[in-house]
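S.K.: Mind having a look at this structure? Questions to follow.
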Amino acid sequence: MKHSTERILTTHTGSLPRPRKLLEMILAGNMRQRKDDPAFQSEVRSAVAGVVRSQAQAGVDVVNDGEQGRVSYAHYVKGRLRGFGGVGTAITCPGLEAVPEYRDQVMGSGVRIPQGGCNGPVSYTGLAELQRDIDNLKQALGGLSYQEAFMSAASPGVIAHFLDNEYYPSDETYLMALADAMKVEYERLHQAGLIVQVDCPDLAMARGQKGFARLSVKDFCEAAELRMEALNRAVAGIPPEAMRMHLCWGNYEGPHHHDVELKEIISIVLKARPAGIVLEACNPRHEHEWQVFEQVKLPPGKMMIPGVIDTVTNFVEHPELVAQRIERWARLVGRDNVIAGNDCGFASGAAFTAVHPDIVWMQMQAMVEGARLASKRLW
């Protein structure tokens with residue numbers, strides 16, 4: 001993973017809006033069948049080519065496939081792992097439950113739908129689908145100007161968070177089984193020459209959801225430690241500098257007044273093997289948390305990829321504001337250790353697009369221009 005040695009590099013978190021036709025096919029369901037549908041795969045290839053080209057044209061340095069063929073950043077694993085036929089429980093967000101009318105406006109009215117669960121031994125069965133993803137991205141990269149390419153993958157912890165354990169005797173056993181299964185995906189991405197991004201929103205977002213909402217901060221941190229152990233077990237064979245980890249508090253516009261503070265979990269976050277830390281850093285609930293690094297020193301070899309553009313607002317940040325955010329982080333952890341990013345995915349779920357697709361690319365361009373401004377002042 002390259003450092004910003006001559007200028008501030010730019011990237012993003014992972015998911016990007018899907019073209020309308022592809023989105024309609026995804027929302028029609030039957031994703032297990034669609035993965036082998038030639039028409040669907042043709043649409044995915046076309047979408048990946050388009051979204052990679054758009055990133056390069058916007059000037060983004062570290063690009064990906066935009067997660068174009070996935071239903072979401074986490075639930076895609078149900079098509080790649082054996083053992084998931086359970087019911088599960090629904091996700092609720094205490095911050096939104098406190099304002100039910102607004103909750104229904106954001107998430108839709110009615111009963112929350114369970115996401116499924118693990119009801120048998122977990123094993124990885126998605127190598128063919130994973131290889132298609134890799135091939136699509138590599139083909140799309142041909143002839144374009146970029147610095148590096150990455151691909152995101154769900155962490156053991158976020159899989160366990162959304163897909164309940166209905167089979168294993170304990171959460172620890174379940175997490176370690178997920179780690180051993182997903183290790184196949186992480187290592188294959190690394191072997192393909194891609195930066196591996198492991199998505200770990202459970203380390204922060206889970207604090208206010210499901211059983212974690214009843215825990216003290218201390219008890220939640222103990223649960224997060226277990227999830228970090230599972231992550232590090234899964235990526236033990238990959239060099240830290242070839243990986244980055246995404247951390248967030250839930251990619252939705254809402255009060256977020258129950259979010260755990262970064263200062264409470266930072267010691268756990270810094271134990272992660274991945275060298276890069278991608279985190280929300282510019283939304284109104286968490287922008288102030290750059291101050292944590294006035295007290296906590298970034299360990300050698302680590303890099304920060306703070307969000308400098310928001311992903312739930314249709315404002316286009318002024319490049320000067322973006323530059324100010326970048327410079328603040330550069331002063332704290334060193335300019336070489338900062339890559340500019342965004343707070344979260346622009347389409348974490350295929351249909352969940354708070355920002356209009358056209359505005360997404362306006363924001364991306366603002367990020368790139370802000371990085372140029374910051375670079376002029378930092379070098």
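The values are calculated or read from the model by the stated rules, or taken from the named source; none is laboratory data. Since we're looking at a predicted model, the values are computed, not measured. When we count neighbours, we look across all protein chains shown, and the Cβ atoms used for this are built from the backbone with ideal geometry, even at glycine. Ligands, DNA and RNA are stripped out before the accessible areas are found, and what is left, the full protein with its side chains, is counted by its heavy atoms. Shrake-Rupley method; radii C 1.70, N 1.55, O 1.52, S 1.80 Å.
S.K.: How high is the relative contact order of the chain, in percent, with contacts defined as C-alpha pairs under 8 Å that are six or more residues apart?
M.R.: Result for the chain is 22 percent.
S.K.: What is the sum of charges, Lys and Arg at +1 and Asp and Glu at -1, for the other residues whose Cβ falls under 15 Å from the Cβ of Glu241?
M.R.: Values: positive: Lys2, Arg244, Arg273, Lys302; negative: Glu148, Asp336.
Neighbour charge sum, excluding Glu241 itself: +2.
S.K.: Is the shape of the stretch 158-206 best called rounded, prolate or oblate, per the rule: a/c under 1.5 gives rounded, else a/b larger than b/c gives prolate, else oblate, with a ≥ b ≥ c the square roots of the Cα gyration tensor eigenvalues?
M.R.: Values: a/c = 3.45, a/b = 1.61, b/c = 2.15.
Oblate, since a/c reaches 1.5 and b/c is not below a/b.
S.K.: Normalise the Debye intensity by I(0) for the stretch 4-85, one equal point scatterer per Cα, no solvent, then take log10 at q = 0.19, 0.21 Å⁻¹ and round to two decimals.
M.R.: For the stretch 4-85 at q = 0.19, 0.21 Å⁻¹, log10 I(q)/I(0) is -0.85, -0.97.
S.K.: How would you classify the stretch 78-206 from its alpha-carbon gyration tensor, with a ≥ b ≥ c the square roots of the eigenvalues: rounded for a/c under 1.5, else prolate if a/b is greater than b/c, otherwise oblate?
M.R.: Note, shape of the stretch 78-206 comes out oblate.
S.K.: Still on this structure: Mind putting together the pair-distance distribution for the stretch 202-357? All Cα pairs, 5 Å bins, whole percent per bin, short to long.
M.R.: The distribution over the stretch 202-357 is 2, 9, 18, 21, 21, 17, 10, 3, 0, given as percents.
S.K.: Of all alpha-carbon pairs in the stretch 1-141, indicate the percentage at a distance above 19 angstrom.
M.R.: The proportion of pairs with Cα distances above 19 Å equals 63 percent.
S.K.: Can you list the HN-Hα couplings for the stretch 115-124, worked out from phi with the Karplus curve (6.51, -1.76, 1.60; θ = phi - 60°), rounded to whole Hz and with x for Gly and Pro?
M.R.: Couplings: 9, x, x, 8, 10, x, x, 8, 8, 8 Hz.
S.K.: Treating only the Cβ atoms of Lys and Arg (+1) and Asp and Glu (-1) as charged, compute the dipole magnitude of the stretch 304-363 about its Cα centre; round to the nearest 20 debye.
M.R.: Here the stretch 304-363 has a charge dipole of around 200 debye.
S.K.: List every residue whose amide H lies under 5 Å from the amide H of Thr89, counting only residues 5 or more places away in sequence or on a different chain, with H placed 1.01 Å from N in the peptide plane.
M.R.: Gln115, Gly116, Asp164
S.K.: Now for a different question. Using the Cα centre of the chain as origin and beta-carbon charges of +1 (Lys, Arg) and -1 (Asp, Glu), tell me which of Ala179, Ile238, Tyr167 is placed farthest towards the positive end of the dipole.
M.R.: Ile238
S.K.: Using a Debye calculation, one point per C-alpha and no hydration shell, please list log10 I(q)/I(0) for the stretch 269-339 at q = 0.26 Å⁻¹ in order.
M.R.: Listed by q, the Debye log ratios stand at -1.31.
S.K.: How large is the translational diffusion coefficient of the stretch 118-272 in µm² per second when you combine the Kirkwood radius over alpha carbon pairs with Stokes-Einstein at 25 °C and 0.890 mPa s?
M.R.: Value of D from the Cα-based Kirkwood radius: 148 µm²/s.
S.K.: Using modelled amide H (1.01 Å from N, peptide plane; none on Pro or chain starts), what sits under 5 Å from the amide H of Val278, excluding residues fewer than 5 places away?
M.R.: Amide H neighbours of Val278, under 5 Å, 5+ apart: Met245, His246, Leu247, Ile305.
S.K.: Here's another thing I want to ask about it. Return the percentage of antiparallel bridges among DSSP beta bridges fully within the chain, rounded to the nearest 5 %.
M.R.: 15
S.K.: Right, here's the next one. With +1 on each Lys and Arg Cβ and -1 on each Asp and Glu Cβ, how big is the dipole of the stretch 43-194 about its Cα centre, in debye rounded to the nearest 20?
M.R.: Dipole of the stretch 43-194, to the nearest 20 debye: 380 debye.
S.K.: To the nearest 20 Debye, how big is the dipole of the chain about its Cα centre, given +1 on the beta carbon of each Lys and Arg and -1 on that of each Asp and Glu? If you can, show how the numbers build up before the last one.
M.R.: Details: 40 positive and 45 negative charges, 132 e Å.
In debye, rounded to 20, the chain gives about 640.
S.K.: Given Cα pairs under 8 Å that are at least 6 residues apart, what percent is the relative contact order of the stretch 257-379?
M.R.: 28
S.K.: Shifting gears a bit: Rounded to the nearest whole Å², what accessible area per residue is found for the stretch 170-321 with the 1.4 Å probe?
M.R.: Roughly 39 Å² per residue, with all protein chains present.
S.K.: Ok, one more. What number of lysine-lysine pairs in the chain show an alpha-carbon separation below 15 angstrom, given a sequence spacing of 8 or more or placement on distinct chains? Walk me through the intermediate numbers first.
M.R.: Numbers: Lys2/Lys302; Lys35/Lys78; Lys218/Lys263; Lys263/Lys271; Lys263/Lys297; Lys271/Lys297; Lys271/Lys302.
Here the count comes out as 7.
S.K.: Related question: Taking only Cα atoms and a 10 Å spring cutoff, compute GNM fluctuations for the chain and point out the largest among Leu215, Leu137, Leu247.
M.R.: Fluctuation is largest for Leu215.
S.K.: Also, quick follow-up: Going by amide H atoms built from the backbone, whose H comes under 5 Å of the H on Gln197, apart from near neighbours?
M.R.: Met151, Ser152, Ala153, Arg244
S.K.: Let me ask something additional. What net charge do the residues around Met362 carry, taking every other residue with its C-beta under 13 Å from that of Met362, with Lys and Arg at +1 and Asp and Glu at -1? If you can, show how the numbers build up before the last one.
M.R.: Values: positive: none; negative: Asp310, Glu317, Asp358, Glu369.
Around Met362, the surrounding residues sum to -4.
S.K.: Just to check, using Stokes-Einstein with a Kirkwood Rh over alpha carbon pairs, what's the diffusion coefficient of the chain at 10 °C and 1.306 mPa s in µm²/s?
M.R.: It diffuses with D of about 77 µm²/s by this estimate.
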